[in-house]
Amino acid sequence: MIRTPEALIPYILLIAAVLAGTAWHLGDSVGGLGRTVTQGEASIGGPFVLTDQNGKTFTDKNLKGHWTLLYFGYTHCPDVCPLTLELIADTMDKLGAKAARVQPVFVTVDPARDTPAVMKQYVSAFGKLFVGLTGTNAQIAQMTKEFRVYARKHPLKNGDYSMDHSGAIYLLDSEGKFAGTYEEVQGPDKIAADLRARL
């Protein structure tokens, strides 16, 4: 028996209602722009050993005792990295006195070029509270894997290379545990407002 279009209307309405309910449920479970909502403890982050811009050892234990804004990039990045670090710097300014409870950390995904000396000169342009971290290829690879960061060398025609990498800003709590992410589109006002509510 072939159903006429009129006879199919109840079935179409039923399917539409089910899809709408599913969409509402999924939308209700997803966090706002730039925020990550998790159930239970997120498996992001872990132990690491790197070197800061002063040539001193910096480990995951150094993340405890304050909140952390963590960003992965590289100093030869032409646009995204400096813009994101400037965003973090603006966010720190907007936090006022509470900025003392937040540590901005920049981890290179290009350790071959980003030595401690290079990192020191680079992060100093964004503020005295910034920490720049580098290490061996193996150390950086371990940390990017733990934080689920995408990073890949992209050869250029002139024989040089750039680095493709993910661009989220990680938020770690005072225990050094993953607490969410921010995106550049949120801007310093929204990020600072969210941080104030947490600190």
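The values are calculated or read from the model by the stated rules, or taken from the named source; none is laboratory data. Only a predicted model underlies this, so the values are computations on that prediction, with no experimental measurement involved. Reconstructed Cβ throughout: ideal geometry from the backbone, glycine too, with neighbour counts over all protein chains shown.
I'd like to know if segment 156-177 contains one or more residues that are over 17 Å from Asn62 (Cα atoms) and in contact with a Leu (Cβ under 9 Å, 6 or more places away or on another chain).
First, the residues of segment 156-177 that are over 17 Å from Asn62 (Cα atoms): 156-169.
Checking the rest, the ones that are also in contact with a Leu (Cβ under 9 Å, 6 or more places away or on another chain) come to 162, 169.
For segment 156-177, residues over 17 Å from Asn62 (Cα atoms) and in contact with a Leu (Cβ under 9 Å, 6 or more places away or on another chain): present.
Among the candidates Lys153, Lys120, single out the residue that is modelled with pLDDT of 95 or more and either touching a strand residue (DSSP E or B) at 6+ places or on another chain (Cβ under 8 Å) or assigned by TED's automatic domain parsing to the domain that holds Gly65 (or both).
Working: Lys153 fails: modelled with pLDDT of 95 or more.
So the residue among Lys153, Lys120 that is modelled with pLDDT of 95 or more and either touching a strand residue (DSSP E or B) at 6+ places or on another chain (Cβ under 8 Å) or assigned by TED's automatic domain parsing to the domain that holds Gly65 (or both) is Lys120.
Among the numbered conditions (1) modelled with pLDDT of 95 or more; (2) surrounded by fewer than 18 Cβ atoms within 10 Å (Cβ to Cβ); (3) in a helix (DSSP H, G or I), the only one that Val185 does not meet is (1).
I'd like to check something: does segment 165-174 contain any residue that is of a type in the set (Phe, Trp, Tyr), assigned by TED's automatic domain parsing to the domain that holds Gly73 and under 15 Å from Gly55 (Cα atoms)? No.
In segment 90-114, how many are of a type in the set (D, E, K, R) and within 24 Å of Ser162 (Cα to Cα)? If you could, list the steps in order and put the result at the bottom.
Here is the first cut: in segment 90-114, the ones of a type in the set (D, E, K, R) are 90, 93-94, 98, 101, 110, 113-114.
Add one more test, that the residue is within 24 Å of Ser162 (Cα to Cα), and what stays is 110, 113-114.
The total comes to 3.
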